[in-house]
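The values are calculated or read from the model by the stated rules, or taken from the named source; none is laboratory data. Keep in mind it's a predicted model, so treat the numbers as computed, not measured. With ideal geometry, Cβ positions are generated from the backbone for all residues, glycine too; neighbour counts draw on all protein chains shown.
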Amino acid sequence: MNSVLRMQTFQAGEYPAAIEQQGQALKLRELRSAEDFRRAKKKELTVIGIGAPWSAACRLQEPIMGEVAHLLGKTAFIAIVNIDQTPEVASSLGIGNIPTLIIFHKGREVQRFVGLQSEDMLLAAIDRIRRA
């Protein structure tokens, strides 16, 4: 796939997730409240990235999540949570390190990754969950 990934510099408090795909930016959804999080995790298959805009690893993880979202289309809900703007969500999940990616299946946490994850790792985990 001929993706063009561009790193961007963000202001404190901003967490715009984007990947440029054939000239179009694909934006990940940012969950901005505990209620947004509760609704999102109840979907059939949800991947939530928890991080912060000041973290280099989180900024590297975003375009990978964007590519996964692009590849999966509407078969999975992919979103991010900014720990600085939604600390209650991070606290309720026991987040100690970022980035942390959590896969939910029908509201239940089924896999958790801590640290930067590759596209292949995420896609393989999602495939395993779908097959279970």
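Are any of the residues in the range 101-122 within 16 Å of residue 50 (Cα to Cα) and in contact with a Gly (Cβ under 6 Å, 6 or more places away or on another chain)? Yes, the range 101-122 contains at least one residue that is within 16 Å of residue 50 (Cα to Cα) and in contact with a Gly (Cβ under 6 Å, 6 or more places away or on another chain). Residues in the range 34-59 that are outside any helix (DSSP H, G or I) and of a type in the set (A, V, I, L, M, F, W, C): 45, 47, 48, 50, 52, 54. Selection over the range 90-132 of residues that are buried (at least 19 other Cβ atoms within 10 Å of the Cβ) and among the hydroxyl-bearing types (Ser, Thr, Tyr) gives a count of 1.
Give the range 61-89 a look and list any residue that's more than 23 Å from residue 118 (Cβ to Cβ) and buried (at least 18 other Cβ atoms within 10 Å of the Cβ), or say none. Within the range 61-89, 86, 89 qualify. In the range 16-33, the qualifying residues are those that are more than 17 Å from residue 99 (Cα to Cα) and part of a strand (DSSP E or B), and the one that is modelled with the highest pLDDT is 27.
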